[in-house]
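The structure appears right after this line, and notes come after that.
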Amino acid sequence: MSISIKPTVAVLGGAGKAGRPLIEEALRQGYTVRALLRHPSQFELSHNRLTIITGDARDPLAIRHVVKGSAALVSTLGNPRGENTPILSQVTEQLLPALKAEGISRYITLTSLYATEGEQADEKTRLSAAFMQQHFPAFMADRVREYQLLQNSDLDWTYVRIPYLVQSPVVGTVQTQLGYMPGSQLAVADLATFLLKQLDSEAFIRKSPFVANT
């Protein structure tokens, strides 16, 4: 079966739990992928439509390099393993001017921040938000700053709020809500499919949907 070649997508966090399935699914669907990795020697996937750029997402030159020639940026980036200082708002500060310089408006990223536009609609989601705030206050404060940077930008961003990610086969029953988390977990393969669908959708531009398996 032939695959139609789609645009180039830049990816941050491609070696992680959510990132590798994203790259694999993007390649399967026909996208060309440019991925920024700190340790490319540990990333065994290769493909003629996959370009690996060595670097750190906190480096503005690395960000500029990976997004060059891309139609959009998708980030599944988390904090580096073993580092206790939050980095994601710093990364966002670097990527905003890089995307603007390259004429890229579409940016999709993941977050553990449950509280964005207002209080959550159900008790379970409120309790989850309170748990994150109590146990990870510095990281949640960094997420708030990241979210504010996006709100103040002119990007067509989507800030995807996710539950616990599981490495399991595709479940396929994905639900989205703007006011509460519709489920307690999400298969990484389903997440990858959802993220790629947003590249051609305006449904959640400048919004923060909750996404989960039901």
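The values are calculated or read from the model by the stated rules, or taken from the named source; none is laboratory data. What you see is a predicted model, and the numbers here were worked out from it, not measured in a lab. Here Cβ is always computed from backbone atoms with ideal geometry, including for glycine, and neighbour counts include all displayed protein chains.
Data for the structure
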quantity	calculated
Checking Thr116 against (1) modelled with pLDDT of 90 or more; (2) over 21 Å from Gly16 (Cβ atoms), the condition it does not meet	(1)
Residue among Ala187, Ala192, Ala212 that alone is among the small types (Gly, Ala, Ser), within 13 Å of the chain's Cα centre (by Cα) and modelled with pLDDT of 95 or more	Ala192
Matching residues in region 175-201 - criterion: being free of Cβ contacts under 8 Å to residues at least 12 places away in the same chain and assigned to a loop (DSSP other than H, G, I, E, B)	Ser201
Breaking point among (1) of a type outside the set (Phe, Trp, Tyr); (2) surrounded by fewer than 20 Cβ atoms within 10 Å (Cβ to Cβ); (3) over 27 Å from Gln29 (Cα atoms), for Asp200	(3)
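Quick grid of which residues meet (1) buried (at least 16 other Cβ atoms within 10 Å of the Cβ); (2) closer than 21 Å to Gln90 by Cα; (3) under 17 Å from the mean Cα position of the chain (by Cα); (4) at pLDDT below 95:
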position	(1), (2), (3), (4)
Glu44	no, no, no, yes
Ile52	yes, no, no, no
Leu61	no, yes, no, no
Arg64	yes, yes, no, no
Ala71	yes, no, yes, no
